[in-house]
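The structure under discussion appears below in the form of structure tokens.
The values are calculated or read from the model by the stated rules, or taken from the named source; none is laboratory data. Since this is a predicted model, take the numbers as computed values, not measurements. Here the Cβ is made from the backbone with ideal geometry for all residues, glycine too, and neighbour counts use every protein chain on show. The area values use the complete protein model at the heavy-atom level, side chains included, leaving out ligands, DNA and RNA. Shrake-Rupley method; radii C 1.70, N 1.55, O 1.52, S 1.80 Å.
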Amino acid sequence: MSKRDYYEVLGVGREAGEQDIKGAYRKLALKFHPDRNPGDPGAEEKFKEASEAYSVLSDPQKRATYDRFGHSGLQSAAGGGFNPGGFQDLGDILGDFFDFGNLFGGGGGGRRRSRAQRGDDVRFDLELSFEEAVFGLGAEIQVPRLEACGRCRGTGSEPGSGPTTCPTCRGRGEVLYQQSFLSVRRTCGTCSGSGQVVNNPCSQCRGHGYQQTQRRLKVNIPAGVDDGTRVRVGSEGQPGANGGPPGDLYVFLKVKEHPFFDRREQDLHCTIPLNVAQAALGCEIDVPTLEGSHRLKIPEGTQNGSQFRLRNKGVAAVNGSGRGDLYVHIQVKIPTRLTREQRKLFDQLRETLPTDNAPSEKSLFEKVKDYLV
Ligand SMILES: [Zn+2]
Ligand SMILES: [Zn+2]
């Protein structure tokens, strides 16, 4: 089927100005719009034809191309297929009187009521002490968030008066824009998508339907949480719109450091110093744990960097499956200031100790390194 000349379609001359083209198209569009010609495929065909012609002739660049090369020039420029563009102001010309979505295969559903929308999730940052994270707690928090206004029950209208259908979108909650041959739905700016407008705003919330409040909540923080853990509290986020469910509250945990416990997942690490005599002769020391001190036997000849594992003295897993361990890292302290008496004793010791300053075999070094990890 050969295409009709665009000027012919719009019924304007080749010298027609922008306003002439716009006026001609408006007349045709209103005449042949399918909403006005239900069940008439001929009218719809004419409407599409006019829209296509207008999209080209209203665009100076496309019009120039068309003037020089005709339909084929536009097709090759668009890389095959018709892609007119320049439809942004179609809505401006015709207003919101027609549902463009049905015409170019974009919508199809026709009128849609504004949809129920889930409320936004809310983030709340909570700082915990090391012990609180390990043992859990019931935290009292105050979360700033929106709540439905008590006076108007979220409608935004003064009690006794109801909202009315939005004139811009006629209750659809969205407006359709035509871009090229794609229809784009946008939330209606007049009613923010609710499809209704408030004529007599509620005196308490000034028509918003919501109020900023400080919601007091008790949140159960389970034992074993760690820095960066998120605790989800269902349905305590922002309220939904149009009867939609509320969002969720996410409590983001920040855990303070402990003065000597270093936590790695469920395990705890701490460093205990020993003096040379304790390390050489062995001893018993008190090691701090989460539940008070624990007596630990250090065997004689304990090296610097050795570690001892206390099973199940770490942190309980959040899901309750088991507990981590506590690793005690030994740091042998060499005395730096000796009394005269101590110096004499070390001197005597030196006479009796073997002296071997040859470099250690590498394998031995690797073994010591393993201890340090
Ligand atoms: Zn209100
Ligand atoms: Zn609206």
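Quick check on segment 96-104. Is at least one of its residues modelled with pLDDT of 85 or more and open to solvent by less than 30 Å² (accessible area, probe 1.4 Å)?
no
Would you check which residues across segment 190-207 are open to solvent by less than 70 Å² (accessible area, probe 1.4 Å) and more than 16 Å from ligand 1 (Cβ to nearest atom) and list them?
Cys191, Gly193, Gly195
With respect to the numbered conditions (1) in contact with a Pro (Cβ under 6 Å, 6 or more places away or on another chain); (2) more than 30 Å from Asp226 (Cβ to Cβ); (3) open to solvent by less than 100 Å² (accessible area, probe 1.4 Å), which one is the sole condition not fulfilled by Leu345?
Going through (1) in contact with a Pro (Cβ under 6 Å, 6 or more places away or on another chain); (2) more than 30 Å from Asp226 (Cβ to Cβ); (3) open to solvent by less than 100 Å² (accessible area, probe 1.4 Å) one by one, Leu345 breaks only (1).
Scanning segment 304-349 for residues that are in a strand (DSSP E or B) and among the aliphatic types (A, V, I, L, M), which turns out modelled with the lowest pLDDT?
If we take residues in segment 304-349 being in a strand (DSSP E or B) and among the aliphatic types (A, V, I, L, M), then Ala316 is modelled with the lowest pLDDT.
Scan segment 232-246 and tell me whether some residue there is crowded, with 18+ Cβ neighbours inside 10 Å and of a type in the set (Asp, Glu).
Among the residues of segment 232-246, at least one is crowded, with 18+ Cβ neighbours inside 10 Å and of a type in the set (Asp, Glu), which makes the answer yes.
When only residues in segment 146-189 that are open to solvent by 40 Å² or more (accessible area, probe 1.4 Å), within 16 Å of ligand 1 (Cβ to nearest atom) and without any contact (Cβ under 8 Å) to a residue 60 or more places away in the chain count, which is farthest from Pro245 (Cα to Cα)?
Ranking the qualifying residues of segment 146-189, first place goes to Gly160.
Just to be sure before I move on: is Gly228 small (Gly, Ala, Ser) and in contact with a Gly (Cβ under 9 Å, 6 or more places away or on another chain) in the structure I sent?
Spelling it out, it is not the case that Gly228 is small (Gly, Ala, Ser) and in contact with a Gly (Cβ under 9 Å, 6 or more places away or on another chain).
In contact (Cβ under 8 Å) with a residue 60 or more places away in the chain, open to solvent by less than 40 Å² (accessible area, probe 1.4 Å) and within 24 Å of Ser72 (Cα to Cα) - does that describe any residue in segment 21-28?
Within segment 21-28 (the criterion being in contact (Cβ under 8 Å) with a residue 60 or more places away in the chain, open to solvent by less than 40 Å² (accessible area, probe 1.4 Å) and within 24 Å of Ser72 (Cα to Cα)), the answer is yes, since at least one residue qualifies.
I'd like to check which strands (runs of 3 or more DSSP E) are fully inside segment 128-245 and have at least 2 residues that are in contact with a Leu (Cβ under 8 Å, 6 or more places away or on another chain), among the hydrophobic types (A, V, I, L, M, F, W, C) and away from ligand 2 (no atom under 16 Å from the Cβ).
Answer list for segment 128-245: 137-148, 210-221, 230-233.
Quickly run through segment 208-231 and pick out the residues that are of a type outside the set (Ser, Thr, Tyr) and open to solvent by 60 Å² or more (accessible area, probe 1.4 Å).
Listed by number, the residues that qualify are His208, Gln212, Gln214, Arg215, Arg216, Lys218, Asn220, Asp227, Arg230.
Scan segment 199-236 for residues that are more than 28 Å from Glu131 (Cα to Cα) and under 21 Å from the mean Cα position of the chain (by Cα) and report the count.
Residues flagged as more than 28 Å from Glu131 (Cα to Cα) and under 21 Å from the mean Cα position of the chain (by Cα) within segment 199-236 amount to 1.
Name the one entry in Gly17, Gly42, Gly13 that is within 21 Å of His71 (Cβ to Cβ), open to solvent by less than 90 Å² (accessible area, probe 1.4 Å) and either over 48 Å from the mean Cα position of the chain (by Cα) or of a type in the set (Phe, Trp, Tyr) (or both).
When all the criteria are applied, what remains is Gly13.
Check off (1) modelled with pLDDT of 90 or more; (2) open to solvent by 30 Å² or more (accessible area, probe 1.4 Å) for Thr289 and give me the number that stays unchecked.
Of (1) modelled with pLDDT of 90 or more; (2) open to solvent by 30 Å² or more (accessible area, probe 1.4 Å), only one is false for Thr289: (2).
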